[in-house]
Structure formats: structure tokens, C-alpha cells
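Read through the structure below, which is laid out as C-alpha cells, and then see the notes.
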Amino acid sequence: MLPFNVDLQRMTFGKQLLIDDLPFPSTEIQQHAENGFITFRNGLTKTRVQTQCVRCGNHDPSWFGVFPCARCGQTCIYCRKCLMMGRISSCTQLISWSGPEPPMLEREAQINHEHETSLTLVNEARSTSSLLAWTGTLSEGQKYASSKVEAAFLQQTELLVWAVCGAGKTEVLFSGINQALISGQRVCIATPRTDVVLELTPRLKQAFPTINVASLYGGSPDRHMLAPLTIATTHQLLRFYQAFDSVIVDEVDAFPFTADDALQYAVKQARKPQSALVYLTATPSPKWQKLCRNGKLKHVKIPARYHRHPLPIPEFIWCGNWNKMLNKSQALPKKLLLWLQQRISATHPRKQALLFIPKIDLFPNVLRILNEAFPGINIEGVHAEDPDRKNKVIRMRNGETSLLITTTILERGVTFPNIDVAVLGAEDRIFTESALVQIAGRVGRSADCPSGTISFFHYGKTEAMVRARQQIIDMNREAKQRGLVD
Ligand SMILES: [Zn+2]
Ligand SMILES: [Zn+2]
């Protein structure tokens, strides 16, 4: 075979990059293209009906602009949607590796850069029976789902893992990822949220300590790392092209609904034509639930939590026109104040309370009223733009805060050991079915305090509230039938 530059191979394999992304002279890239190692694709495709950005899939005319292009000397069209990753215009080419695949399991080799070491390590790693250092045990529900994930990776099929909040869905992936890595696959976990990338990275590094794990989000240092296991935001996925043998999309429902198409496009581009795709979620959208029911999407449910206690079922409490009361009389519904009073004065055991409200601009009023109603009690509020967000969550976790007021930013990803949860204005449209299931999922997560209450204070029941409660009841029923709860 003709010689090629290994660094260029490692940097462009499974990627779609701009020439400006690469620290190599264009003559060298051209030479590799002539020898069949590099492929160019046009950055934009144009038909009579539409222009589409090949990198991000955008085809909305309002997201394209024009500029006088110095490179081609013409007026060029460019994509504004993915502009922050470098400009894609009519004369831009996306560069991908089309030569031999670089070996994946070679951690030390990458550091030493010596070919011989690399080969020995690859062979050694391939001959070991496991790369997985995690030694925990799976619940019955997790075990079953884990076997399905393994099969999906092996057979390169699609699967939705529908696991209730607190089921422990990450551990369900370990065995499948292990098998995939041993067989030389390249695996990616993608998620819409940077928070989740940051939370998953150390867990996966601990579980697979001998391999490279690339952690990709806006501004992360691992941008050019070639790794057998990649954890990336769905946005970072746009740099990849036919890279992965197995892709896992975590928290698929956390993505803004309107951006669903963009997510699907990014995942489709990043996976190999022959590959596995596993979705993980606690709360699939109504559309996805329907696909599952009709058998159009293969799925496996984990209807019970790891600690084998059933999920708390939401209680609906009508509280009148709370919004008007808040604005006109600077007051909160009596029923809510009573609910809070009961938690604040509870001592055996002590309870903390988490109160969700629908809008940020309600914070000042709600906080002032509660501080007046419960003097001397530690009450805090936290929302998306709060610079002290992290510390407030820590203080709540440590039990220093009695009552935390929040918006949907805390609907997922946080665990407080012993809380009761209330939603004020549960009828607001921000509280979708999946948001409400996630919020209810904050209660009773720890094995030490597996119980707790979830109350929806409302001014008129919504479809979302009813469906959320039904979803929880259905999961509990299935858990009982399958013997997954005590
Ligand atoms: Zn141009
Ligand atoms: Zn684009």
C-alpha cells in the first residue's frame, strides 16, 4: 500500500472537516486524495427546490446567508446554522478519511507513537476477555435490558431503552460497550446536554480505565482525540461522518422538540451505514411511545427502580387561580402553604421540599412571600441564569436548605436523598408529560429514603398531567407483574 501520514489519518478518520481545521499543507492533503486516502464532499448541496448544508442538515432558507467570497471570487451562499464550527459555503469541501481504519485499542501506543508497541498492545487488548473494571451488580430489570443492548450492538440494530427515573440506565450499557470494544468497534454516547457529558465522562473512564475516552463539548480539549469510546454533545456530533459502529443517544427527549430533525440528522451522519443505535430515555415523547406500542421501534422497559420500591404517584391538588392571587394580592394558595408548613415542621424524619414554578419572573414574589410566611427557615431559589446554581444545589444536597424553589432546570439529573416535591401551576404548558414524569422522578430515589410525595398544584387539569400520572401507574403495574418490586 502507498504510504500515508498517520497523523492525518487519525485526525480525519470518521470526521467531516474543513481544510482550516487541519494543520497540514493543502498539497499534502491533495496528494492523499489522489492516492485514495482522502475524500472531498461538497459542503452544500443545491437542487432546484432547496439548498441543504451537508454538515448540519439545515435546509431552511432563512438560515442561509450570502457573502462576497475571497476563496472563489463569487458571491457564496453559506450556512448560518453551524457557523460557529467554521463557515460552510458553496465552495467549501468537507474532508474525510477514506483509507484504512486506524486501530482503536492502543492507549499507550498513542502516547509513545511507536508502531511496534501499538501492534503488541492491540493484540493484547484483543486477547483480554474484558475491558470493564466495573464490578457492581445489576437489578433484574437492568440485567434483562443489558442483554438486549448487547444483542443490538452485536446485530447492529436499533433499540429504545425506556427506563424509569432511578432505574440506573448507564450501567445497562456497560456490558454491551465492553463486548463492542473488544470486537474492535468504535462506540459513541451522544446527549443533547453538556451537563450529561460531564457527568458521564468520569463514570465511563472509571468503568473502562485502560482505554481512551474522548469527551466532546463546546471548547473541550479532546477535539482531535481518536478514541474507541467517545462521549459527545449532539452538537459536537456534527464533526463526525460514518465514524461509529454503535451509537447510544442518552436523554433523547431532553432535546428541544423543534430541533428533533437536526438531532436525527447528526446521528445518521455520525454512524456507519452498518451500525447499532440505542436510545436511552425515562420519558419518550408521545410520538415515540406510539412507535413502541405499534411495534415500529424495538424497545425494552425497565419499569422499576434499582432499589425495588415503586414510583411515587402524583397527587392532583386544585388551588384556584394562583397566578392572579400572586399578582393581585401578593399571596400564595393556602393549600400550598399548608403543604410546605407540614414539610418544614416535620422532624421524624426531617423532610426537605422542592417546589417547581413555571416561570423565572415569579421568583422574587414567591421567595418574598415564603420568607415572610416561614421566618428563620432556610429557603433558596435557583434558576437557569443563576450564577450560584451549583452551590445552591450542593447546599440542598447537604441538607442545609429546607426549601428550594426552582424551574424545570432541576427536572432531571439531580438527586436529593430525602425530599417531597410540589409543582405550582402544573397546568402551565412548560410542564409537558415528560417534564412532569421527570419531576416526579426526583422523589424517593435513594435506597435509604425510597418514599416521598409528589403533588401537582393546579388551576385546571391538563392532558399532560393526566398522561404523566398514567405513565407512572402503568410502569408500577408492569414492575409488579414482572416481579421487579417488593
Ligand atoms: Zn466561495
Ligand atoms: Zn450547516
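The values are calculated or read from the model by the stated rules, or taken from the named source; none is laboratory data. Please read all numbers here as calculations on a predicted model, not as lab measurements. Heads up, the Cβs are rebuilt from the backbone with ideal geometry, glycines too, and the neighbour counts pull from every protein chain shown. These area figures cover heavy atoms from the full protein model, side chains too; ligands, DNA and RNA do not enter into them. Shrake-Rupley method; radii C 1.70, N 1.55, O 1.52, S 1.80 Å.
Tabulated values for the structure
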{"read-out": "³J(HN,Hα) computed for each position of the stretch 318-329 - Karplus, 6.51 cos²θ - 1.76 cosθ + 1.60, integer Hz, glycine/proline x", "value": "6, 10, x, 7, 4, 5, 5, 4, 5, 6, 7, 10"}
{"read-out": "Unsatisfied cross-links (Cα-Cα over 18 Å) in the set Lys169/Lys301; Lys268/Lys290; Lys81/Lys272", "value": "Lys268/Lys290; Lys81/Lys272"}
{"read-out": "Arg41-Asn365 pseudo-label distance in nm [points 7 Å out on the Cα-to-Cβ vector]", "value": "5.1 nm"}
{"read-out": "Unpaired by the 4.7 Å Cβ criterion, cysteines found in the chain", "value": "Cys165, Cys188, Cys292, Cys319, Cys449"}
{"read-out": "Alpha-carbon Rg/Rh ratio, for the stretch 357-486, with Rh computed the Kirkwood way", "value": "0.98"}
{"read-out": "Spatial separation of Cα centroids for the stretch 359-376 and the stretch 427-486, in angstrom", "value": "26 Å"}
{"read-out": "Computed over the stretch 6-91, Kirkwood Rh from alpha-carbon pairs, angstrom", "value": "14.2 Å"}
{"read-out": "Ratio Rg/Rh [Cα only; Rh per Kirkwood] for the stretch 305-405", "value": "0.98"}
{"read-out": "Unit charges on C-beta of K, R, D, E only; dipole of the stretch 341-486, Debye", "value": "300 debye"}
{"read-out": "Dipole magnitude of the chain, debye to nearest 20 (Cβ charges: Lys/Arg +1, Asp/Glu -1, about Cα centre)", "value": "1460 debye"}
{"read-out": "Spacing of the two label points (7 Å from each Cα toward its C-beta) at Ser446 and Ala151, in nm", "value": "3.7 nm"}
{"read-out": "From the C-alpha gyration tensor of the stretch 123-234, square roots of 5λ in Å", "value": "21, 19, 13"}
{"read-out": "Fraction of beta bridges assigned by DSSP in the chain that are antiparallel (%, nearest 5)", "value": "25 percent"}
{"read-out": "Most positive-pole-ward Cα, Ala190, Ala266, Ala282, against dipole of the stretch 188-337 from beta carbon charges", "value": "Ala282"}
{"read-out": "Nearest 10 degrees, 0 to 90: helix 194-207 Cα axis against the chain principal axis", "value": "70 degrees"}
{"read-out": "Percent breakdown of C-alpha pair distances by 10 Å bin, ordered from the shortest bin, for the stretch 412-486", "value": "19, 46, 31, 5"}
{"read-out": "Accessible carbon and sulfur surface of the chain relative to its total accessible area, %, 1.4 Å", "value": "53 percent"}
{"read-out": "Debye equation applied to the C-alpha atoms of the stretch 368-420, log10 I(q)/I(0) at 0.20, 0.22, 0.28, 0.31 Å⁻¹", "value": "-0.73, -0.87, -1.26, -1.38"}
{"read-out": "Alpha-carbon centroid distance for the pair the stretch 43-79 / the stretch 307-337, whole angstrom", "value": "50 Å"}
{"read-out": "Accessible heavy-atom area order of Met475, Met1, Met84, Met11, highest first, probe of 1.4 Å", "value": "Met1, Met84, Met11, Met475"}
{"read-out": "Whole-number accessible area per residue in Å² for the chain, which is evaluated in the context of all protein chains at 1.4 Å", "value": "46 Å²"}
{"read-out": "Values of log10 I(q)/I(0), in the order q = 0.22, 0.30 Å⁻¹, for the stretch 270-309 under a Debye, Cα-only, solvent-free model", "value": "-0.86, -1.07"}
{"read-out": "Relative compactness, the chain, computed as alpha-carbon Rg over 2.2 N^0.38 Å", "value": "1.10"}
{"read-out": "FRET E, pair Thr210, Asn5, Förster distance 35 Å, beta-carbon r, rounded to 0.05", "value": "0.80"}
{"read-out": "DSSP-assigned coil residues among GluC sites (Glu not before Pro) in the stretch 343-398, each with at most 16 further Cβ atoms within 10 Å", "value": "Glu385"}
{"read-out": "24 Å tail of the calculated P(r), the stretch 230-361, as % of Cα pairs", "value": "56 percent"}
{"read-out": "0 to 90° range, to nearest 10: angle between helix 115-127 axis and the chain longest Cα axis", "value": "50 degrees"}
{"read-out": "Degrees between helix 140-155 axis and first principal axis of the chain (Cα, 0 to 90, nearest 10)", "value": "20 degrees"}
{"read-out": "Percent breakdown of C-alpha pair distances by 5 Å bin, ordered from the shortest bin, for the stretch 200-294", "value": "3, 12, 21, 24, 20, 12, 6, 3, 0"}
{"read-out": "Directionally averaged shadow of the stretch 56-99, computed from the convex hull of its alpha-carbon atoms, nm²", "value": "3.8 nm²"}
